[in-house]
Amino acid sequence: MLENEKLIGLYKTMQTIRKVERKIEEEYKYDEMKTPIHLSIGQEAIAAGVCLHLRKDDYIFGTHRSHAQYIAKGGDLKKMIAEMYLRKTGCSLGRGGSMHLIDPEVGILGSTAIVGGNIPLGTGTALASKLQNNDKVTVIFFGDGAVDEGTFHESLNFALLKKLPVIYICENNHWAINSHQSQRHSGESIYRWADGYGIPSYQIDGNDVLKVSEYAENAVSRCRNGEGPTFIECITYRWKGHIGTVNDVGIGFRPQSEYDYWISKDPIKWYADYLKATGVLNDKMDESIDEEIDQLIDDAFTFAKNSPKPLPEELMDFVFAD
Ligand SMILES: Cc1ncc(C[n+]2csc(CCOP(=O)(O)OP(=O)(O)O)c2C)c(N)n1
C-alpha cells in the first residue's frame with residue numbers, strides 16, 4: 001500500500017495532466033500553437049501510475065500523444081508549453097512541437113509520431129542498459145494501433161531473448177484514429193500476443209491509478225532484478241477526437257453510448273472520491289492543490305508566450321552535426 005504522500009502525489013500528477021491539456025485545448029483556437037496536438041484527457045492514470053515508480057535516471061519513450069508521460073516523468077512544464085508555441089526555449093528548441101517532446105535530464109529520451117517507432121528505440125535503450133550493466137529501466141508507452149506494426153513483434157521477441165529491462169505499456173483506448181480495435185484484431189486481448197512471446201503479460205483497468213501503480217511497481221522490480229521484460233495492457237479511453245480539439249462522438253465513428261460509459265469512468269473523479277472516502281484528501285486540500293497547479297500552468301504559459309521565436313537565419317541550425 002502506498003503512503004499518503006505518494007497517494008496525493010499521484011492525484012497531483014493526474015490533475016496537472018488534465019489541467020494542462022484543458023488549457024492547451026482552450027488556447028489552441030487562437031492558432032498561436034503551430035503544432036498538431038493529440039490530447040490524452042481520460043488516460044491520465046496510466047502515465048501517473050507508471051512513472052511514480054521510476055527514478056529520474058530511468059528512461060521513457062512516448063508517441064504522438066505524450067503530454068501525460070512528459071509531465072508524469074517530471075519534464076519541465078515551462079519547456080513543454082514553450083515547445084507547443086515553437087519557441088527557442090522549448091524542450092526541443094522549438095523544432096519539434098507537441099509530438100516530439102524530450103527532456104534527457106529526467107530520462108525522457110523522446111516521443112515520436114511514427115506509430116510503433118518508439119518500440120525498437122526503447123528496446124535498444126534497454127539493451128544498452130543491459131550491456132552497460134546499470135540497473136536503469138526503460139518504459140515504452142504506445143497505443144493499440146502500434147501493435148499492428150511489425151516492429152512491435154520483432155522487439156518483443158528480442159526483449160525476451162535478451163531478458164532486457166524494459167516495460168511495454170500499451171494504452172488500449174480501442175481506437176486508432178477512426179478505426180476500432182475490432183476492425184483490426186481478431187481477438188480482444190492484446191496482452192495475449194505478448195504472452196505468446198513468453199513475456200509476463202497482463203490486462204488491467206487503465207483508469208484505476210492504483211491498479212496501474214501496483215502492476216508497474218512489480219514490473220520495475222523485475223527489471224531491476226534482471227528478470228526481463230513485462231507487458232501491461234491498460235484499458236482506457238480518450239475523451240477527445242484523435243487530433244486537435246475536435247469532438248467526434250456521434251458523427252459516425254464513436255457512438256455516444258460508448259463515450260458516456262467512459263465519461264462515467266473518469267479516472268480522476270474516481271480517484272478523488274476514493275481519496276476523500278479514505279480520509280487522505282479533503283475539500284480544502286483539493287482546493288489548494290487546484291490553486292497550486294493553476295499557478296504552475298499560468299507561469300508556464302506566460303513563460304512560453306514571452307519566449308523568442310527561432311529566427312529565419314537559424315533555420316538550418318541543428319540540421320547537420322558539427
Ligand atoms: C507508421 C505510421 N503509420 C500511420 C500513421 C498515421 N497515424 C497517426 S496516429 C495513428 C493511430 C495511432 O493509434 P494508437 O497507436 O492506438 O494511438 P492513439 O492515437 O490511440 O493514442 C495513425 C495510424 C503514423 N503516424 N505512422
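Throughout, read-outs are computed from the coordinates displayed, never taken from laboratory work. Just so it is clear, the structure is predicted and the values come from calculations on it, not from any experiment. Please note: Cβ atoms are built from the backbone with ideal geometry, for glycine as well, and neighbour counts cover all protein chains shown.
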Of the candidates V209, V280, V166, which one comes out as most mobile in a Gaussian network treatment of the chain with C-alpha springs shorter than 10 Å? V280
Hydropathy at least 0.0 by Kyte-Doolittle, axial extent at least 20 angstrom from the Cα trace: which helices of the chain, defined as entire DSSP H runs, fit? 118-132
Here, trypsin sites (Lys or Arg not before Pro) of region 82-168 satisfying both criteria (DSSP loop; at most 10 other Cβ within 10 Å) are none
Of all DSSP beta bridges having both residues in region 173-322, the percent classed as antiparallel (nearest 5) is 25 percent
Pull out a ≥ b ≥ c, the square roots of the eigenvalues of the alpha-carbon gyration tensor of region 4-306, then state rounded if a/c is under 1.5, prolate if not and a/b is larger than b/c, and oblate in the remaining case. rounded
Going down the table (K136/K163; K23/K88; K19/K276; K29/K79; K130/K162; K73/K265), which pairs top 18 Å between alpha carbons? K23/K88; K19/K276; K29/K79; K73/K265
How much mean residue ellipticity at 222 nm does the chain get from its helices, if each DSSP H run of length 4 or more adds -39500 (n - 2.57) and you divide by all residues, to the nearest 500 deg cm²/dmol? -13500 deg cm²/dmol
Projected onto the charge dipole of region 4-306 (unit charges on the beta-carbon of Lys, Arg, Asp and Glu, signs +1, +1, -1, -1), the Cα from S221, L164, G250 with the largest positive-side position is that of L164
Quick calc, I114 & S182: beta-carbon distance into FRET formula, R0 22 Å, rounding 0.05, result 0.35
Separation of alpha-carbon centers, region 67-105 and region 188-228, rounded to whole Å: 28 Å
Counting only DSSP beta bridges with both residues in the chain, tell me the antiparallel percent, nearest 5. 10 percent
Compute a Gaussian network model of the chain, connecting alpha carbons closer than 10 Å, and tell me which residue from T13, T230, T35 fluctuates the most. T35
Hey, in the GNM for the chain with a 10 angstrom Cα cutoff, which one of T302, T236, T138 fluctuates hardest? T302
